[in-house]
Amino acid sequence: MARLDVRCNVDLPVHVVVGNDANKGITERVSKFTSLSLGGGVIDFTPSLNKNKIVGLRYELPRHGEFEILGEILRFEDNGVATRFFNLNRDAKLKLWDYIKENFTDDLSCPYCGKKNTQKKRRCDNCSWSLNFYSQDYIVEHEKESFIKRLAMKSNAFTVEDIYKVLNFVDVEVLKVGKNLDINEEFVGSSQSILNVFSMIRKIAPTDIPVLITGESGTGKELTAMAIHERSQRRNKPFVAINCAAIPENLLEAELFGHEKGSFTGAVKQKAGKFEYADGGTIFLDEIGQLSMNLQSKLLRFLEDKIVEKIGSNGGVKIDVRLIAATNNDLKSAIAKGTFRKDLFYRLDVFNINLPPVRDRGEDKVILARYFLNKFSREMNLSKTFSLEAIEAIKSYNWPGNVREIINKVRRAAVMSTEPSITVSDLDLESLTIKMDEVASLKDVRSAIEKQKIVEAMKHCSNNISKVARILGISRPSVYSLRRKYNI
Ligand SMILES: Nc1ncnc2c1ncn2[C@@H]1O[C@H](COP(=O)(O)OP(=O)(O)OP(=O)(O)O)[C@@H](O)[C@H]1O
Ligand SMILES: [Mg+2]
């Protein structure tokens, strides 16, 4: 059978640190690597080591420095013990590969299967491994190829669940699918619509242009605002987020712009507003559609000349803050109704990022669910995966509460499930999954979804009917009539 790594013969001192049994301290011995590969090495000593025992290995690669890694005893060979390396980081791996290349002399035969390669081909005709050792991409290619070959060797023994575990691992940990490392490791998604969002974030972040983020509740508006801030020159200055709907109007003005001492009853000392606090950084105004006309005018003034005025002060102060605003409702209809200033809208809407609802993000539903399951499993020190039915239910549900709902349902499932495999009922998606053997009329399906959506929206908006109507894009009387119809 062909090897999975290039091995070279060496004579390299290595300190082997072994933990003694029954916690009786450690022993360190100096020995030698007689051969090395990226995956492990043979050490020429055979003390009383057991198979699978973990040892510490400290060695110095000439010209590359000292390394300390962990290894596991794999087997005993005639000339020593074969170890497998555990925690080789990228840097240690690249340096080890340089050292192996320097010490690996015979390039007239394939180091994997031994077949003659007098023509110095870049790929072995016999075992098909890449022999392009001196290419810069060799290591990355090699890791991919060896991963696939290792998997192929074991695949006969795999169950469907194992295959899902592997797929999950490959997506999330290896290929980093959905992780856009240059945006924010926490910002998950690989559908075209979310890739467009990432591209907009990249383009707009380095500028000082105001951004208007639109999208349904739970689609990631605040996360997007943070991603913009983190990629801007302002990243070392404050990012201040305010939800305009959560603070009563009379307090919001003082919160945003601050007040002078004695400017109103209770103003016992001067207070800086959030704008001042965010000086040099970014302010994120969520639910901007809820701002009163008075505050809209103050905001407009800020956007025009960068001046903010404390309540009770005679003049303003100049402040350097980038404004990002977000709304989950339609500002254009608010303008038509006269509740939102048109001039402010045009000032804010210079650059608009619209976050698509999760139901329009295709495979991202599953990618997001897997990402959060992995995260919660790690936090809870458990190993959980989704059953095939759970994956199907995740795909077919339309997630009215978007990413926030995925997080809540997956967290609940991780806690509720008693088995390693998460079921549809752990996710609380049971009532929504239409089983193929149950005949459901389109009307029933529509009603079930309608009811579900109203229940979700009522919960999300803490039973505030105006908010529910806004989120669902229907009138308040319609909300009342649907509640009556479904007995909610
Ligand atoms: N693409 C994503 N990847 C990972 N986590 C996400 C993603 N989008 C949103 N989240 C997470 O979902 C939750 C809701 O996101 P966020 O608060 O940014 O949404 P929002 O649009 O501001 O919601 P609301 O309108 O209710 O204020 C947060 O915990 C956020 O970190
Ligand atoms: Mg928000």
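Quick note: the coordinates plus some simple rules give every number you see, no bench work behind them. Keep in mind that this is a model prediction, so the values were computed, not measured. Reconstructed Cβ throughout: ideal geometry from the backbone, glycine too, with neighbour counts over all protein chains shown.
Residue-normalised convex hull volume from the C-alpha trace of segment 65-135: 138 Å³ per residue. A Förster radius of 30 Å, combined with the Cβ-Cβ distance separating Asn50 from Asn9, puts the computed FRET efficiency at roughly 0.70.
Taking each residue as 0.36 nm, the span from Val166 to Phe351 lengthens on full extension beyond its C-alpha to C-alpha distance by 62.5 nm.
Residues of segment 326-364 with amide nitrogen under 12 Å from the 7 Å Cα-to-Cβ point of Thr207? Of the residues in segment 326-364, 349-353 have backbone N under 12 Å from the label point off Thr207.
Working from the pairwise distances between different alpha carbons, so that the mean of 1/r is found and then inverted, what is the chain's Kirkwood radius in Å?
27.8 Å
Where does the charge balance sit around Lys467 when Lys and Arg score +1, Asp and Glu -1, over other residues with C-beta under 12 Å from its C-beta?
After counting each charged neighbour, the total is +2.
Between the Cα long axis of helix 402-416 and the first principal axis of the chain there is an angle of about 60°, rounded to the nearest 10. With both labels modelled 7 Å from their Cα along Cα-to-Cβ, the Glu102 to Ser425 distance reads 6.3 nm. The gain in end-to-end length when the Lys149 to Asn89 segment is fully stretched comes to 19.5 nm, 0.36 nm per residue minus the alpha carbon separation. Legend: ranking of residues Ser128, Ser475 from fewest to most surrounding C-beta atoms inside 10 Å; resulting order Ser475, Ser128. Sorted from longest to shortest, the spans of the Cα atoms of segment 8-105 along the three principal axes equal 41, 27, 19 Å. When only the Cβ of Lys, Arg, Asp and Glu is charged (+1, +1, -1, -1), the dipole of segment 442-486 relative to its Cα centre reaches about 120 debye. Listed as lacking a disulfide-compatible partner in the chain: Cys8, Cys244, Cys461, by the criterion of no other cysteine Cβ under 4.7 Å. Taking the three principal axes of the alpha carbon atoms in segment 340-393, the coordinate ranges are 53, 25, 17 Å, sorted in descending order.
For the chain, the longest principal axis of the Cα atoms and the long axis of helix 160-169 meet at an angle of about 80 degrees. Note on Glu450 and Ile307: the model spin-label points, each 7 Å out from Cα along the C-beta direction, lie 5.5 nm apart.
For Ala272 and Asp343, the FRET efficiency from 1/(1 + (r/R0)^6), where r spans their Cβ atoms and R0 equals 22 Å, is about 0.20. Net length available on complete extension from Ser109 to Ser135 is 7.6 nm, with 0.36 nm assigned per residue and the Cα-Cα distance removed. Considering only GluC sites (Glu not before Pro) in DSSP loops that have at most 11 other Cβ atoms within 10 Å, the longest stretch of the chain without any of them is 186-437.
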